[in-house]
1. Give the number of residues within the stretch 9-40 that are open to solvent by 60 Å² or more (accessible area, probe 1.4 Å), over 27 Å from F81 (Cα atoms) and not in a helix (DSSP H, G or I).
2. Name the single residue that is modelled with the highest pLDDT among those in the stretch 26-52 being closer than 23 Å to L13 by Cα and of a type in the set (S, T, N, Q).
3. E69 - would you say it is outside any helix (DSSP H, G or I), open to solvent by 50 Å² or more (accessible area, probe 1.4 Å) and on the phi < 0 side of the Ramachandran plot?
4. Within the stretch 41-52, can you find the residues that are among the basic types (K, R) and assigned to a helix (DSSP H, G or I)?
5. Could you check the stretch 43-84 and list, in sequence order, the residues that are closer than 30 Å to Q23 by Cβ and among the aliphatic types (A, V, I, L, M)?
6. Take R79 and decide whether it is out of contact with any strand residue (DSSP E or B) (no Cβ under 6 Å at 6 or more places or on another chain), at pLDDT 95 or above, open to solvent by 90 Å² or more (accessible area, probe 1.4 Å) and outside any loop (DSSP other than H, G, I, E, B).
7. If I filter the stretch 45-52 for residues that are loosely packed, with under 10 Cβ neighbours inside 10 Å and of a type outside the set (D, E, K, R), do I get at least one hit?
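The values are calculated or read from the model by the stated rules, or taken from the named source; none is laboratory data. What you see is a predicted model, and the numbers here were worked out from it, not measured in a lab. Because the Cβ atoms are built from the backbone with ideal geometry, glycine has one as well, and the counts that use them run over all protein chains shown. Just so you know, the surface numbers come from the protein's heavy atoms only, side chains and all, with ligands and any DNA or RNA stripped out. Shrake-Rupley method; radii C 1.70, N 1.55, O 1.52, S 1.80 Å.
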Amino acid sequence: MKYTTIRIEGPILSADILDTLEQGESGGQSPKDFGLDSRAKVKDEIVRAWADARDLWQVFRRRMERVKEGETGASETRRFFMIP
């Protein structure tokens, strides 16, 4: 198996399934399945989305540092994640 950072335990996810996903042979893996332009690369979009999520998390953490001790930060969380 070429996935050195993945250790498979049990029968649910096999190396064959990982190979099929890597090769893009399974359904639901094309750009159109994600509402993307046919020339887009799904992996590139995943990388962008992850980078955006990390950036948002950093902003959220900075805002939460301003929450006073003893407060939950529920309002800040709602304003940052739920309302938008």
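1. 10
2. S30
3. Taking the combined requirement at face value, the residue satisfies it.
4. Listed by number, the residues that qualify are K43, R48.
5. Pass one, the stretch 43-84, residues closer than 30 Å to Q23 by Cβ: 43-54.
Selection gives I46, V47, A49, A51, A53.
6. Values: out of contact with any strand residue (DSSP E or B) (no Cβ under 6 Å at 6 or more places or on another chain): yes; at pLDDT 95 or above: no; open to solvent by 90 Å² or more (accessible area, probe 1.4 Å): yes; outside any loop (DSSP other than H, G, I, E, B): yes.
It is false that R79 is out of contact with any strand residue (DSSP E or B) (no Cβ under 6 Å at 6 or more places or on another chain), at pLDDT 95 or above, open to solvent by 90 Å² or more (accessible area, probe 1.4 Å) and outside any loop (DSSP other than H, G, I, E, B).
7. Scanning the stretch 45-52 turns up no residue that is loosely packed, with under 10 Cβ neighbours inside 10 Å and of a type outside the set (D, E, K, R).
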